[in-house]
Amino acid sequence: SGMVPQTNNSFTKQHGNTYMEKWVGESSRVGDASISATIKGLPAGSYTLKVAAQNILQSNLSAQQSGACIFADDNETKVMTTADYSVDFIVIDGVVNIGFKAVGATGNWLCCDNFRLVYNGDAADEVWTEFALRIENAKSLVVKKMGNTQLSALNAAISTAEITMQNKDNVNISNHAMALREAVDAAAISVKEYETLQAAIDAALLVYDASLQGTEAFDAVINEAKLTVENLDADSKALTDGVLALEKATLQFRLDNATGTIPTV
């Protein structure tokens, strides 16, 4: 996203013929960009991701820039000057999402190349520590508003994972860790959808004024959205449609109560 392949020799840590970059003029900041890959079928254990990368401001190469990193799932290492960077992480479910990303990066030139994945060993103690951490992270989601379907699946995955943890079940840890990951991902999406609809309701209420025109229609849409956001059996489409309906109704309410000179078209 936002990065392109480059075949020149400008990036000094280039490996082979092609590297990835995002460049803007020295008076600008490069902002957001990313490149990632999901690797599957990995043995459980300890790993290190190594990447050649940079996040530099060409007009001031000595200045330390911010906003870029290499990552493996939630583990990150900041990227600044042109160098080799590494990040350590634990795999328990056979899957990891690795890559390079920039969010509001302050440099004007991002580069990355030569991704290397190193297996350091089975690291049994660290694997169980990571599994316990994921269980606790999953539990932190349970208290948030989400769909009943997602909540039920999350609770079931947590319960199974806790039994696996208690029994130190090496045979099934990978499958149960994957089930936990999938339940957490689905729950997080549901939480975000409910939060987005609630935010849209709050924004509409800030615009609403009972003394203005068009309140009946605006009221109806807001009240429908309130019912949807409290319905924990609402599907994803209903939640998304609620946000869109509020945006349209808010625009219409503003138009109905517009002020100032009407422009001539």
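The values are calculated or read from the model by the stated rules, or taken from the named source; none is laboratory data. It should be emphasised that the depicted structure is a prediction, and the values quoted were computed from it without experimental measurement. Quick reminder, even Gly has a Cβ in these numbers, built from the backbone with ideal geometry, and neighbours come from all protein chains shown. Keep in mind that these areas ignore ligands, DNA and RNA; they rest on the heavy atoms of the full protein, side chains included. Shrake-Rupley method; radii C 1.70, N 1.55, O 1.52, S 1.80 Å.
Below are the figures for this structure:
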read-out: Which listed residue, of SER27, SER10, is under 23 Å from SER66 (Cβ atoms), part of a loop (DSSP other than H, G, I, E, B) and open to solvent by 70 Å² or more (accessible area, probe 1.4 Å); value: SER27
read-out: Wholly enclosed strands (runs of 3 or more DSSP E) of the stretch 32-92 bearing at least 1 residues in contact with a Gly (Cβ under 9 Å, 6 or more places away or on another chain) and of a type in the set (A, V, I, L, M, F, W, C); value: 45-56, 68-72, 83-91
read-out: Answer from VAL95, VAL91, VAL103 - the residue that is buried (at least 21 other Cβ atoms within 10 Å of the Cβ) and either over 21 Å from the mean Cα position of the chain (by Cα) or of a type in the set (A, V, I, L, M) (or both); value: VAL91
read-out: Residue match in the stretch 93-106 (condition: assigned to a loop (DSSP other than H, G, I, E, B), among the hydroxyl-bearing types (Ser, Thr, Tyr) and touching a Gly at 6+ places or on another chain (Cβ under 8 Å)); value: yes
read-out: Output for the stretch 222-247, where each listed residue is open to solvent by less than 40 Å² (accessible area, probe 1.4 Å) and of a type in the set (Val, Ile, Thr); value: ILE222, THR228, VAL229, VAL243
read-out: Flag if ILE135 is part of a helix (DSSP H, G or I), of a type in the set (Val, Ile, Thr) and under 21 Å from the mean Cα position of the chain (by Cα); value: yes
read-out: Helices (runs of 4 or more DSSP H) completely within the stretch 155-265 that count 2 or more residues being in contact (Cβ under 8 Å) with a residue 60 or more places away in the chain; value: 173-207
read-out: Any hit, the stretch 109-129, residues being part of a loop (DSSP other than H, G, I, E, B) and surrounded by 21 or more Cβ atoms within 10 Å (Cβ to Cβ); value: no
